[in-house]
Amino acid sequence: MAAATTALPSSSKSHPPITILKRARADVPLSQNKFSKKTARGKVLNILRERYLRDDIPCGVEGCQVCIDYPGYRSVLPLKGYTDHTKYGQGQGHWLVIDTNIVLHQIDLLTALPISLPLIIPSTTIRETRHRSLPLYNRLQQLIQDEDRLIWVWWNEEARETATLPKEVEEGREKESINDKNDRAIRQVLHFYPEHLSAALSKSMKPPKLILLTDDRRNREIADGEGLLAVSARDYVDGLIGEERARLVDLVVGGVDEVSAGEKKGKRIYQDYLPQDTLLAGVKTGRYHQGHFNANQYNYLEGTVNIPGLNKPVLLVGREAMNRSVNGDVVVVEILPESEWKAPGSEVVDQDVALRDDDADDDESPGLAERERAKAKEDIMDVDEETKRKPKNILPTGKVVGIVKRNWRAYVCHLDRSSLSDAALTSSSQQTVFATPLSTSLPRIRLRTRQAPQLLDQKILVTIDSWSINSRYPDGHFVRSLGKVESKEAEQESLLLEYEVPYRPFGRAILNCLPEEGDKWKVPVKTAESLEWRDREDLRDLIVCSIDPPGCQDIDDALHARRLPNGNIEAGVHIADVSHFVHPDNPMDSEAASRGTTVYLVDKRIDMLPSLLGTNLCSLRPFVERLAFSVIWEMNEQAEIVKVRFAKSVIASKEAFTYEAAQLRKDDKSLNDPLTQSIRLLNTLAIKLKEGRLKAGALSLSSPELKIHLNSSESTEPIDVEQKQQRETNSLVEEFMLLANISVAAKIQETFPATAVLRRHCPPPKTNFEALQDILQKRKNMTLDVSSSGALAKSLDACVDPKEPEFNTLVRIMATRCMLSAEYFCSGSVSKETYGHYGLASPIYTHFTSPIRRYADVLAHRQLAAAINYTPLHPSLQSKSHVEKTLSVVNKRHRLAQMAGRASVEFYVGLALKSRGEKTGQVGGKSSREEAFVIRTFKNGLAVFVSKLGLEGLITFQKDTHTFDPDNYTINVPAPSGTGTANGIGQMIGISVFDKITVDISIEKNQNTQRGKVKMVMVGPVNSENL
Amino acid sequence: MSSSRIEILNDGGLRHDARRPYELRSTSFQLNTHPTAEGSSTVTQGLTTVQVSIFGPREPRQRSQASHDKAIISVEVGVVPWAQGGGGVKRVRGDKRLQEIGASIRQTFEPVIMTHLYPRSEITINVQVLSADGGILPTSINATTLALISSGISILDYTTSISIGLYLKQPLLDLSHVEEQDLPNLVIASLPNSGKITLAQMETRLHVDRFEEMLSLGVEACQVLKTEMEDVVKSQTEKIVERMGVRSVVSSGMAVDE
């Protein structure tokens, strides 16, 4: 028995000793947490939770003899505090303690505080932040984990000395609110530290002072009463010395005090939001509805809310109805009675123009109010008119009664020059200015800054802090400057920020996950005990090649095909074995998961994985051995699959083709080597595969793809733009990738029915097509059958205008816009009937073929590896909730990456147009004359699409000489006056949707926003300049 | 909402009730808490309190169940209505969940109790959960061991039990109700002297790589519990011996009187 007992402790050395905590009887009141909770059904539960008081929470003070042996002790807080402060800099300087409001409102200031400023964060602050806002909590965590900073977390609720209890309710006194209790808990920390230090340090040493940073005035008053030092963020920053002060002063958010002062002054514009529980109860009973707010980018006074469960979006008309919601917020709307329902207006209302003269300091200037009221009236009239005319366009109309979640982030803005007075252009006093966000669906943001003159022609990052009921604009603060407007660096960074693309370089922890050999890594020699070769097939002798766009560095896939002795054909797709290098749950994996995808901009690629992997070790480059994950089919002549198998393999690619080179090689009749034959074989199979797919009802959709020619890789001056060409070999690669994805999807779904990573494309609701169907019917007398993807494909094929070869492409583009976007999902979270991919007409689909640039593929690789018993499946991939969470991030990133890519192309198209204009030497950059199709008509303008440039533009008519016929999607404009008298009733020319017009495209810089704007002017059939 | 949920293990390495991963909750072991039962005990671990009373060995209530060479063990489990932690659901006797706990207790003790010493008889274990905050089964097993000891029924060894949860890669010992709901967990009961495991029960999925680590950790924790239990039993026995000593003095005094 003695032997047994001694044996046990020796095996337990790997972990701390197992102990039983003893709770003293005296601790009972502090160690029990009693509260009541209301359940979803409205039942009240009394909950009792235990809490142990600890005596071993380390204080983190340099040289503290008491805490040095406590687990987790690090020497963080220096004995000499921060001294560069006019008020608190004397003696040993000071440490700061922050409360929750500082984190919630001043996070930008907090992250910008000097690194050498010691900061104590009580756990109450962290917990409350977590409760209030997850994004802010994450930023706080990032701050805390920054090792360079002197930040110490004091677990005040857990430590015996600072644990607090809610105060008992006493007669004649108000019950202490949770906020008050938390404030008291935080103040307790300031009482504790000096006491602790005086006990822990020798008497001769004077500890630094502790200062409570809080914007809550009441808290400061109580702290003063208790003999503590408390200061507001503004006062604190004002007291900093020199540069730090100048740097930080703009980051301070107005603070609670000022808002309350403002409230008395102005009259209210908006209604108050309903209390949170009323909202939730209302949503539950169906009285209110919850959804995402989408601002209308053509009209700033209109927005819609998409509500799951309703097949039409809810329309919000006017400022009051939108009630301070910002694009992307989750809002709660009340739907008005049906008699008040309206149709969306058909006029373009540009905020920049409409509110040009609004004064930032005082939004109650009478002129403005008048103007806006007139505008609003006009607008409502427009809406009313629209409503009368088109009863079928009427949407449920509502108003916002509350916000569930703000999705505010930092926005890229320009300062609005007109909001600055001339005198202010040189002064560095604090002034209130407007910042105009890049995105037209956002309101202008009011901010106070001392550096307005310097910021004028810069792109800046601004966050919204609050939006009070008596302000037309949200209040925000300046975060940082991105650089000069139109400099490529600033534009690029602003683009990445705008689409939330994480673009920071990979950190050390991530790079440490790379193989030690670096770029010298090679596939080891094949031996029995080699780890890399375990269970791998040796496919080095296969004639494998890759076909990619020119200049492609991250080669994901390679292919081969050959005849088998039995007459069948063996075709193989070999995908880079990324999961061999990226192991689950290490820093590189989590970074890749949060990046989700590689983002391709015109002149830059933001990698998902470090480039050593992406462009070298994983990339299936020719003439070297690489690890791969292979899908190998045996097919018959008709390209029907006889057998499929999956294997980890080692391949050696024989050639890396571009699409063009592969096409040439295939077509060159003089060549007959195995590689060429392999390509031909693949091509014949691909043609049959495609046939089969189209027969099954797959759609061939279209979105304009452009190629931008850059001058040289360094200067990144765009020279010209052209549409990408599609070759036979493009479709060859595509077909095999689709086939591989489908085969893999079926396999992983079969093995892991609950957690397989799949991709689907839901069939679009029929109502989405209504508008397009109507236009096609009326304008071209064509019908669109949307009953199934096959029917749609057929009727799209029939939409041909023999005179306009591009017309079909245009209809395809417009049809694509009616569809939903494809998404990744976890197979266990939706019903099996909805797995299908509408566009590809495949019952099941996933992404497997590009693991270097998409994270979902990495997951699919891991699942497939487990499905063929190569490795056990990592536990995270067995948890449905984890897979769901990861995929929702990947979905979001994927969407944003696409948008960023498109925006980048747009920016370069702009630059290209400009340089084209400069070359031709014309003034004002009025350069390109292109043909365009009308895709939408408004009451006062046209939206057109230039297919050659993939550019969409807006043409507005200023004068009222035109008439609008919304039923026929036609706008009638007077014919050129040369033919008749100017004042007489001239001939009218109708311009309708799908008409081809000629436009002049130029880049115009808006004086107010400094934003380069594509300006289009119609020149034919009528010049719109005078309209 | 995820933001309002409690943190299972925070960055300071503390659990929601400020324990560290390898710390068990406060325990109290009491013997002979039921006046009429052959043996009884009340065990409190954290806020979970369980009282176990042993009746028997006695004649089986149903003759047909009797076994000619060993005693049969029957277990009844009940939860008092005011015991919280059931998520507001009142459990009555005969509830599936309670039956399952009863079956687990029976299976745990069948190999431990030397049933061959009590042929043709029945030993009834009556478990009453007085308050619940996670770990009903391990606490019940611990209480049963003590009750058996106090009843004087022969057993092979102490049987102690503990629940082990897994948060990411970190095993947590002795889960509270909140943790139990969130984490995959394993309940083991072992005979600490021999290191044998008589019960390993898992209702959630767990990665196989972590299982071994958790199992060996659980066995160690059972050892710790046993040491604690043994102290209580010894001091109780000492008290009894002391009292017996007193009585023997009295009786000898009476002898003098005679």
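Just the residues that are surrounded by fewer than 17 Cβ atoms within 10 Å (Cβ to Cβ) and aliphatic (A, V, I, L, M), please, taken from the range A:120-151.
Scanning the range A:120-151 gives A:Leu134, A:Ile144.
Taking the range A:175-216, which residues are buried (at least 20 other Cβ atoms within 10 Å of the Cβ), part of a loop (DSSP other than H, G, I, E, B) and over 40 Å from the mean Cα position of the chain (by Cα)?
Within the range A:175-216, A:Pro207, A:Pro208 meet the criteria.
When only residues in the range B:28-46 that are surrounded by fewer than 22 Cβ atoms within 10 Å (Cβ to Cβ) and within 14 Å of chain A (Cβ to nearest Cβ) count, which is farthest from the chain's Cα centre (by Cα)?
B:Ser28
Could you list, in sequence order, all residues of the range B:206-216 that are acidic (Asp, Glu) and more than 8 Å from chain A (Cβ to nearest Cβ)?
B:Glu212, B:Glu213
If you check A:Ser831 against the conditions, is it modelled with pLDDT of 85 or more, of a type in the set (S, T, N, Q) and farther than 30 Å from A:His574 by Cα?
yes
Working only within the range A:587-606, note down all residues that are in contact (Cβ under 8 Å) with a residue 60 or more places away in the chain, in contact with a strand residue (DSSP E or B) (Cβ under 9 Å, 6 or more places away or on another chain) and on the phi < 0 side of the Ramachandran plot.
Matches in the range A:587-606: A:Arg595, A:Thr597, A:Thr598, A:Val599, A:Tyr600, A:Val602, A:Asp603, A:Ile606.
Across the range A:264-312, which residue is nearest to A:Glu770 (Cα to Cα) among those that are outside any loop (DSSP other than H, G, I, E, B) and of a type in the set (Gly, Ala, Ser)?
Result: A:Gly303.
Can you name the number of the only condition in (1) without any contact (Cβ under 8 Å) to a residue 12 or more places away in the chain; (2) in a helix (DSSP H, G or I) that A:Asp785 fails?
(2) is the only condition that A:Asp785 fails.
So in the range B:113-152, with the set limited to residues that are assigned to a loop (DSSP other than H, G, I, E, B) and buried (at least 24 other Cβ atoms within 10 Å of the Cβ), which one is farthest from the chain's Cα centre (by Cα)?
B:Asp133
Can you tell me which residues in the range A:41-76 are touching an Asp or Glu at 6+ places or on another chain (Cβ under 6 Å) and more than 11 Å from chain B (Cβ to nearest Cβ)?
Scanning the range A:41-76 gives a single hit, A:Ser75.
If you take the residues of the range A:110-130 that are farther than 13 Å from A:Asn182 by Cα and part of a helix (DSSP H, G or I), which of them is farthest from the other protein chains (Cβ to nearest Cβ)?
A:Ala112
In the range A:825-834, is there at least one residue being assigned by TED's automatic domain parsing to the domain that holds A:Lys892 and polar (S, T, N, Q)?
Among the residues of the range A:825-834, not one is assigned by TED's automatic domain parsing to the domain that holds A:Lys892 and polar (S, T, N, Q), which makes the answer no.
Pairs please, first residue from the range A:16-40 and within 20 Å of B:Asp174 (Cβ to Cβ) and facing another protein chain (nearest Cβ under 10 Å), second anywhere and aromatic (Phe, Trp, Tyr) and assigned to a strand (DSSP E or B), Cβ atoms under 9 Å, 6+ apart in sequence or on different chains.
Hits for this filter: zero, empty list.
For the range A:67-79, check the following and say yes or no: at least one residue is closer than 30 Å to A:Trp467 by Cα and within 42 Å of the chain's Cα centre (by Cα).
Scanning the range A:67-79, I find no residue that is closer than 30 Å to A:Trp467 by Cα and within 42 Å of the chain's Cα centre (by Cα), so the answer is no.
Of the residues in the range A:317-343, how many are under 25 Å from A:Ser133 (Cβ atoms), crowded, with 17+ Cβ neighbours inside 10 Å and of a type in the set (A, V, I, L, M)?
5
Identify, from the list A:Leu689, A:Leu609, A:Leu620, A:Leu682, the residue that is in contact with a Cys (Cβ under 9 Å, 6 or more places away or on another chain), assigned by TED's automatic domain parsing to the domain that holds A:Lys520, within 28 Å of A:Ala856 (Cβ to Cβ) and at pLDDT 90 or above.
A:Leu609
Go through (1) over 30 Å from A:Ile460 (Cα atoms); (2) under 39 Å from the mean Cα position of the chain (by Cα) one by one and return the number of the condition A:Ala528 breaks.
(2)
Which condition breaks for A:Val890 when tested against (1) farther than 28 Å from A:Asn616 by Cα; (2) assigned to a helix (DSSP H, G or I)?
The one condition A:Val890 does not meet is (1).
Given A:Val883, A:Val858, which one is within 14 Å of chain B (Cβ to nearest Cβ), buried (at least 21 other Cβ atoms within 10 Å of the Cβ) and touching a residue at least 40 places away in the same chain (Cβ under 8 Å)?
Just one listed residue meets the conditions, A:Val883.
Return a yes/no flag: does the range B:180-200 have any residue that is touching a residue at least 24 places away in the same chain (Cβ under 8 Å) and loosely packed, with under 13 Cβ neighbours inside 10 Å.
Yes, there is a match, as at least one residue in the range B:180-200 is touching a residue at least 24 places away in the same chain (Cβ under 8 Å) and loosely packed, with under 13 Cβ neighbours inside 10 Å.
Which count do you get for residues in the range B:176-205 that are facing chain A (nearest Cβ under 8 Å) and not in a helix (DSSP H, G or I)?
5
Output the number of residues of the range A:283-301 satisfying the condition of being in contact (Cβ under 8 Å) with a residue 60 or more places away in the chain and more than 12 Å from A:Thr440 (Cα to Cα).
4
Find the residue count for the range B:228-239, including only residues that are touching a residue at least 12 places away in the same chain (Cβ under 8 Å) and more than 8 Å from chain A (Cβ to nearest Cβ).
5
Any residue at all in the range B:149-161 that is touching a Phe, Trp or Tyr at 6+ places or on another chain (Cβ under 8 Å), hydroxyl-bearing (Ser, Thr, Tyr) and away from chain A (no Cβ under 14 Å)?
Yes, some residue in the range B:149-161 is touching a Phe, Trp or Tyr at 6+ places or on another chain (Cβ under 8 Å), hydroxyl-bearing (Ser, Thr, Tyr) and away from chain A (no Cβ under 14 Å).
Yes or no, residue by residue, for (1) more than 15 Å from B:Gly135 (Cβ to Cβ); (2) within 14 Å of chain A (Cβ to nearest Cβ); (3) out of contact with any Lys or Arg (no Cβ under 8 Å at 6 or more places or on another chain); (4) modelled with pLDDT of 85 or more:
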position: B:Asn10; (1), (2), (3), (4): yes, yes, yes, yes
position: B:Ala18; (1), (2), (3), (4): yes, yes, no, yes
position: B:Val50; (1), (2), (3), (4): no, no, yes, yes
position: B:Ser74; (1), (2), (3), (4): yes, no, no, yes
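Does any residue of the range A:94-103 turn out to be within 28 Å of A:Asp216 (Cα to Cα), in contact with a Lys or Arg (Cβ under 8 Å, 6 or more places away or on another chain), away from chain B (no Cβ under 14 Å) and of a type in the set (A, V, I, L, M, F, W, C)?
For the range A:94-103, residues within 28 Å of A:Asp216 (Cα to Cα), in contact with a Lys or Arg (Cβ under 8 Å, 6 or more places away or on another chain), away from chain B (no Cβ under 14 Å) and of a type in the set (A, V, I, L, M, F, W, C): present.
The values are calculated or read from the model by the stated rules, or taken from the named source; none is laboratory data. What you see is a predicted model; the values in this text were computed from it and never measured. Note that we place each Cβ from the backbone using ideal geometry, even for glycine, and neighbour counts take in every protein chain shown.
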